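> Input: one structure, supplied below.
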Amino acid sequence: MNKRNIFKIIWYSIFRSPPFPKSERERDRFRRNNLVLHFRPRTVPEETLRFTLSWGLGGTAVVLILLSIGTGLLLKFVYQPFPDRAYDSVVILQNEVLFGRFMRNIHHWSGNFLIVIAFLHMLRIFFTGAFHPPRQFNWVIGFSILLIIVVSNFTGYLLPWDQLAFWAVTICTGVLEYIPMIGGWLQRIVRGGTEIGPATLSNFFAIHTAIVPVCLVILMPFHFWRVRKAGGLVVANNSADAKSKGEIVAAIPHLILRELAVASVAVAFIFVFALLFDAPLEGKANPGLSPNPTKAPWFFVGIQEMLLHFHPLFGAFIIPLIIFCALALLPYFNYDKNTSGIWFASKNGRRIAAGAALAATIITPLGIVADEFFFSASSLMPALPDAISGGLIPATLIFAGIFGCYLLIKKKYSKTNNEAIQAIFVLLVVAFLVFTVTGIWFRGSGMDLVWPWGAIE
């Protein structure tokens, strides 16, 4: 049996149809029965094949999830989830197992880049209005997937059991005690006790390797199905190329080949990156020796930065909770019109969004520097409790300012509700990114502000 016949048998067994059908009837049956098309539509509008419509972000996220799961399964053959053996098993994996270091690098960087890609995908969905009816609930599903991805990275962060991981998780779980009423109980549940120890590692390992993959396997196909039921990628109703928009093409080969090309580029990038840069691994965790500075994982550094400027009740709980609820309910706000498929809602929307981004880029660093070197809300009102002077009052002033910006955009500049909400969204996103960048690169010993190349005098 030659190689061509073997290929035909494999193709036939997978796709339940003769390979390369020639007649129209055979091609139609091929498309109906093809396994791939259980997750993709049989036909798609040609307009939706443009790369700049989605930038391949959703498909890239799927590839990174599959890489993370695949390499994670391989790592489990060596890794031992016990505090006295976890770190040594990672060292053995990197130094003694064939391609062990490479597999760990792929796993680590896939998970980190996955957060970035999923976040960019969320931004793309928002800025193209792809959350308007009938896609509102799919926004909630996608937002849930993003949160699960963050949980996956956070729980996986502890598993090497090195100094970086141990103290980062200590900082993050320590914040839970500021949640009213249930904070202490929730902290003990997450840690498996009062301190970071064997129970914590066991909990994180179970969540990272079992609960998170199951949740992703359930939610991802549901997410894809909802996209398919909504008619695929969203396209502007006023597309300039109406003829191209009206043309319908078969998903195979037009859509699938493009998705395979994006997947190949994503895999190649991760492989090269994993060859050039090793996943970080510091010394074995030492509960008695805290590093200086002790920082949260990079995707939580923005919240850690907020804790330096607000009372923990507000910086770690109330403000994130309000923003979280607003993001989850974003599709259900009252919008003046359906702007599905239109980048930034309109030309005016682009300008006002750019203005909001510029304002956040200027105001946020100025506020950080002013609070660090000149004054803070607590120092201005020393007679009041910290929760009020350093939490309630500044948080109220900030949200009042945001609401004032919304009214200003909506009324004085005669913008639509779509454009005003988009501007506030951009303002908050850019402000949080500034907090994150500050926490990662501009905080040094004692969490003092520093230049990346030297201390700020």
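Here, each number is a calculation from the coordinates, and none is a lab measurement. Owing to the predicted nature of the structure, the values given are computational and were not obtained by experimental measurement. Cβ placement follows ideal geometry from the backbone for every residue including glycine, while neighbour counts extend to all protein chains displayed.
> With each label point set 7 Å from Cα along the Cα-Cβ vector, what nm distance links V78 and V91?
Between V78 and V91, the label points sit 1.4 nm apart.
> Between A354 and W451, what FRET efficiency follows from the Cβ-Cβ distance if R0 is 30 Å, with the result rounded to 0.05?
So, using R0 = 30 Å, E works out to roughly 0.60.
> Going by amide H atoms built from the backbone, whose H comes under 5 Å of the H on D162, apart from near neighbours?
A285
> Report the gain in length on full extension from A387 to D278: 0.36 nm times residue separation, minus Cα-Cα distance, nm rounded to one decimal.
Result: 35.0 nm gained on full extension.
> Taking only C-alpha pairs under 8 Å that are 6+ residues apart, what is the relative contact order of segment 302-457 in percent?
After rounding, I find 36 percent.
> For the chain, with the dipole built from +1 on Lys and Arg beta-carbon atoms and -1 on Asp and Glu ones, taken about the Cα centre, which of T170, H108, G315 lies farthest toward the positive end?
It is H108.
> Where in the chain are the DSSP H helices whose C-alpha atoms run 15 Å or more along the long axis and whose mean Kyte hydropathy is at least 0.5?
TM-like helix candidates: 57-75, 100-127, 136-158, 163-174, 212-229, 251-276, 347-373, 393-407, 417-441.
> Can you show me the helix-derived [θ] at 222 nm for the chain, built from DSSP H runs with n ≥ 4 at -39,500 (n - 2.57) apiece and divided by the number of residues, rounded to the nearest 500.
Computed ellipticity for the chain at 222 nm equals -19500 deg cm²/dmol.
> Another question, if that's okay. Return the long-range amide H neighbours of R443 (sequence gap of 5 or more, or a different chain), with a cut-off of under 5 Å between placed amide H atoms.
V450
> Using the Cα centre of the chain as the reference point, and only Cβ charges (+1 on K/R, -1 on D/E), how large is the resulting charge dipole? Debye, rounded to the nearest 20.
2540
> May I ask you to derive the FRET efficiency for N292 and I402 from their Cβ-Cβ distance with R0 = 25 Å, giving the value to the nearest 0.05?
In this case the efficiency is close to 0.10.
> In segment 50-291, with Lys and Arg counted as +1 and Asp and Glu as -1 at Cβ, which of these residues, F269, M181, I145, has the Cα nearest the positive end of the dipole, that is, farthest along it?
I145
> Once the other residues with Cβ under 10 Å from the Cβ of G129 are scored (Lys, Arg +1; Asp, Glu -1), what is the net sum?
Combined, the nearby Lys, Arg, Asp and Glu give +2.
> If you don't mind, there's one more thing I want to ask. Distance check, please: which entries in K229/K337; K76/K295; K229/K412 exceed 32 angstrom between their Cα atoms?
The pairs that break the limit, which is 32 Å between Cα atoms, are K229/K412.
> Can you tell me the Rg and Dmax of segment 239-395, counting just the alpha carbons, in angstroms?
Values for segment 239-395 (Cα only, Rg and Dmax): 23.9, 70 Å.
> Please list the non-local residues whose amide H lies under 5 Å from the amide H of V249, H modeled 1.01 Å from N, same-chain partners needing a gap of 5 or more.
The answer is V44, E46.
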